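Take a look at the structure below.
The values are calculated or read from the model by the stated rules, or taken from the named source; none is laboratory data. Predicted model, so just to flag it, every value in this text is computed and none were measured. Quick note on the areas: whole protein, heavy atoms, side chains included, nothing else; ligands and nucleic acids left out. Shrake-Rupley method; radii C 1.70, N 1.55, O 1.52, S 1.80 Å.
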Amino acid sequence: MTLSSHVSTTSGSGHPTGSVTFSEGGTVFGAAPVDGSGNASVSSTTIPVGAHSIVATYSGDDEYNGAVSSPGTLNVAKSDVV
């Protein structure tokens, strides 16, 4: 599964750099650099079955402060056996 986030500025100008870390509590599921469009995404196969409350944490850079998203709900279902 892919976790994605978009980092934007309140001024609407400039391009944030840095990285975004996706986590739940103390468990980190991955981190990715912010690209030139403000997007960061990471693929993860380690998120266990169940309901999760994932947050995206932006690290900040030389020009912009770091930030933490509101939690997003992710439900991981069991896989079927073929």
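Remark: the Ser13-Val49 segment gains 9.0 nm on full extension, using 0.36 nm per residue and subtracting the alpha carbon distance. Calculated accessible area for the stretch 40-82 comes out at 72 Å² per residue, all protein chains present (probe 1.4 Å; ligands, DNA, RNA ignored). Ligands, DNA and RNA left out, the 1.4 Å accessible surface of the chain is 51% carbon and sulfur atoms. Compared with the direct C-alpha span, the chain from Asn75 to Asp35 gains 11.7 nm at full extension, assuming 0.36 nm per residue.
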